[in-house]
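Colleague: Supplied in structure tokens, the structure appears directly below.
Only the coordinates and a few stated rules stand behind these numbers; no lab work does. This one's a predicted model, so the numbers in the text were calculated from it and none came from an experiment. So basically every Cβ, Gly included, is an ideal-geometry build from the backbone, and we count neighbours across all protein chains shown.
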Amino acid sequence: MVPPMPATKKRSLAKTISWRVIATTDTFIIAWIFTSDQVIAASIAGLEVVTKLVLYYVHERGWSSLDWGQEN
């Protein structure tokens, strides 16, 4: 069996961005349902996208540096 190739930084960044689009859309919809205000919902989603984009990238790179759970 061929060992898995480590994720590149470019791949991690692409996964980060695609996930943020999905998650931020979800946050916007939930905030809009609760507030009935698109401006407030957009503000919440905007803040959320910035903070969680950075947090997810750091998390992904951290996991990429670990051998734990990977089969050789």
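Colleague: Of all residues in segment 2-42, how many are in a loop (DSSP other than H, G, I, E, B) and either acidic (Asp, Glu) or at negative phi (or both)?
Modeller: Of the residues in segment 2-42, 8 are in a loop (DSSP other than H, G, I, E, B) and either acidic (Asp, Glu) or at negative phi (or both).
Colleague: While we're on this one: May I ask you to list the residues in segment 20-62 that are under 16 Å from ALA7 (Cα atoms) and either surrounded by 12 or more Cβ atoms within 10 Å (Cβ to Cβ) or of a type in the set (Val, Ile, Thr) (or both)?
Modeller: TYR56, TYR57, VAL58, HIS59, GLU60, ARG61 - these are the residues of segment 20-62 that are under 16 Å from ALA7 (Cα atoms) and either surrounded by 12 or more Cβ atoms within 10 Å (Cβ to Cβ) or of a type in the set (Val, Ile, Thr) (or both).
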